[in-house]
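K.L.:
What follows is a structure written as structure tokens; I'll ask about it next.
The values are calculated or read from the model by the stated rules, or taken from the named source; none is laboratory data. If you're wondering where the values come from, they're calculated on a predicted model, not measured in any experiment. Cβ atoms come from the backbone with ideal geometry, glycine included; neighbour counts cover every protein chain shown.
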Amino acid sequence: MIWFDCHNHLQFSRLGDPAPLLAAMHGAGVERCVVNATCEADWPAVAALARAYPESLLPAFGIHPNHAHQAGGPWQELLAGLLDEFPRAGVGECGLDRREGAPGMDLQVPLFLAQVRLARDRCRTLTIHCVKAWGLLTAALAEEPPPPRFVLHGFAGSVETARQLLPLGAYFSFSGEFLQARRAAVLDVFRQLPPERILLETDAPDRLPPPAWVSHPLPDSCNHPANLPAIGHGLADALSMQVADIADLTTRNARACFGDALVTPTLWKR
């Protein structure tokens with residue numbers, strides 16, 4: 001079985017050396033992942049990973065809403081330059097977040113709209129983070145139409161919200177955190193989504209699954225990107241599907257979403 005992790009943060013120092021992480025991922029059958037930047041400061045690290053492991057990962061460059069107050073200077077020109085260097089890179093992680101302590105919407109909304117516009121103009125896949133801001137998100141995408149394909153990372157919205165976003169080109173990503181009993185409502189939403197729009201992610205080192213779905217433990221409750229197949233097993237159970245079918249479905253969907261023709265690295269062929 002081949003798996004595709006559509007959202008993680010291999011550049012985060014909490015995960016340590018990426019080489020053994022990628023080796024473990026490939027050993028578990030995760031042949032490809034999308035590594036998402038979160039702020040200008042980590043764009044160089046994501047770019048370095050993309051240069052070092054071009055057959056294992058796709059980069060995405062963006063500014064997370066929690067870093068909206070740090071965006072300044074020629075950030076749009078720098079982001080456009082990275083998209084020029086990496087023709088298959090996405091834009092993200094970006095979005096809207098209304099949790100307490102997040103930057104104000106006066107900062108978040110213009111920053112998000114600018115990234116949506118850039119992704120659309122370059123026809124790049126957009127990865128969206130949205131927490132407690134679904135109405136604002138749909139309004140923003142009405143003002144600034146998204147590119148043909150975009151990901152709702154760690155989607156925890158309602159079925160009604162999904163129905164609004166589907167015609168725009170939305171894909172919906174499932175993380176291992178949603179296997180917790182208290183997140184049962186999220187599983188119910190995923191049961192109602194079109195299968196061809198479902199993706200899998202780890203969001204490593206965050207969103208650690210429940211212990212039963214952790215195949216690769218790490219210190220300090222960090223989520224290992226090689227946990228993706230275990231998360232897929234959990235989703236297969238919840239959707240009453242065969243594990244092989246979930247692997248095939250979500251990998252095909254990820255390739256369609258990210259425009260990725262998967263190339264299996266010679267080093268990792270089994």
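K.L.:
Identify the residue in region 66-111 that is of a type in the set (S, T, N, Q) and modelled with pLDDT of 95 or more and, among all such residues, is surrounded by the most Cβ atoms within 10 Å (Cβ to Cβ).
P.N.:
Gln108
K.L.:
Out of all the residues in region 168-208, which are within 16 Å of His9 (Cα to Cα) and either of a type outside the set (Gly, Ala, Ser) or touching an Asp or Glu at 6+ places or on another chain (Cβ under 6 Å) (or both)?
P.N.:
Ser173, Phe174, Ser175, Glu177, Leu200, Glu201, Thr202, Asp203, Pro205, Asp206, Arg207, Leu208
K.L.:
Another question, then. Do you know which residues across region 209-240 are exposed (fewer than 15 other Cβ atoms within 10 Å of the Cβ) and closer than 22 Å to Ala254 by Cβ?
P.N.:
Hits for region 209-240 are Asp237, Ser240.
K.L.:
Keeping to region 161-220, report how many residues are in contact with a Lys or Arg (Cβ under 8 Å, 6 or more places away or on another chain) and without any contact (Cβ under 8 Å) to a residue 40 or more places away in the chain.
P.N.:
5
K.L.:
Do you know which residues across region 178-193 are part of a helix (DSSP H, G or I) and within 13 Å of Ser158 (Cα to Cα)?
P.N.:
Those that are part of a helix (DSSP H, G or I) and within 13 Å of Ser158 (Cα to Cα): Arg183, Ala184, Ala185, Val186, Leu187, Asp188, Val189, Phe190, Arg191.
One line per residue, one yes/no per condition, for (1) aliphatic (A, V, I, L, M); (2) in a strand (DSSP E or B); (3) crowded, with 22+ Cβ neighbours inside 10 Å; (4) in contact with a His (Cβ under 8 Å, 6 or more places away or on another chain):
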site: Ala162; (1), (2), (3), (4): yes, no, no, no
site: Ser173; (1), (2), (3), (4): no, yes, yes, yes
site: Arg207; (1), (2), (3), (4): no, no, no, no
site: Asp248; (1), (2), (3), (4): no, no, no, no
site: Arg252; (1), (2), (3), (4): no, no, no, no
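K.L.:
Quick one: how many residues across region 220-235 are over 17 Å from Ala24 (Cβ atoms) and among the small types (Gly, Ala, Ser)?
P.N.:
The total comes to 2.
K.L.:
On to the next question. In region 1-58, which residues are part of a loop (DSSP other than H, G, I, E, B), touching a Leu at 6+ places or on another chain (Cβ under 7 Å) and either in contact (Cβ under 8 Å) with a residue 40 or more places away in the chain or more than 18 Å from Asp206 (Cα to Cα) (or both)?
P.N.:
Correct list: Leu10, Tyr53, Ser56.
K.L.:
Does at least one position in region 141-152 carry a residue that is among the β-branched types (Val, Ile, Thr), assigned to a helix (DSSP H, G or I) and at negative phi?
P.N.:
Checking region 141-152: not a single residue is among the β-branched types (Val, Ile, Thr), assigned to a helix (DSSP H, G or I) and at negative phi.
K.L.:
Kindly provide the set of residues from region 108-142 that are in contact (Cβ under 8 Å) with a residue 60 or more places away in the chain and more than 14 Å from Ile63 (Cβ to Cβ), ordered by number.
P.N.:
Across region 108-142, the qualifying residue is only Thr125.
K.L.:
If a residue has to be under 18 Å from Asp106 (Cβ atoms) and basic (Lys, Arg) to count, how many in region 118-143 make the cut?
P.N.:
The qualifying residues number 1.
K.L.:
Can you tell me which residue is nearest to Phe86 (Cα to Cα) among those in region 122-136 that are touching a helix residue (DSSP H, G or I) at 6+ places or on another chain (Cβ under 8 Å) and in a helix (DSSP H, G or I)?
P.N.:
Once the filter is applied, the top-ranked residue is Arg122.
K.L.:
Every residue in region 209-225 that is under 15 Å from the mean Cα position of the chain (by Cα) and part of a helix (DSSP H, G or I), please.
P.N.:
The answer is Pro225, and nothing else.
K.L.:
Within region 113-129, how many residues turn out to be surrounded by 24 or more Cβ atoms within 10 Å (Cβ to Cβ), farther than 15 Å from Glu77 by Cα and not basic (Lys, Arg)?
P.N.:
5
K.L.:
Here's another thing I want to ask about it. What's the number of the condition Asp106 fails, among (1) more than 26 Å from Cys33 (Cα to Cα); (2) of a type in the set (Asp, Glu); (3) not in a helix (DSSP H, G or I)?
P.N.:
With respect to (1) more than 26 Å from Cys33 (Cα to Cα); (2) of a type in the set (Asp, Glu); (3) not in a helix (DSSP H, G or I), Asp106 is out only on (3).
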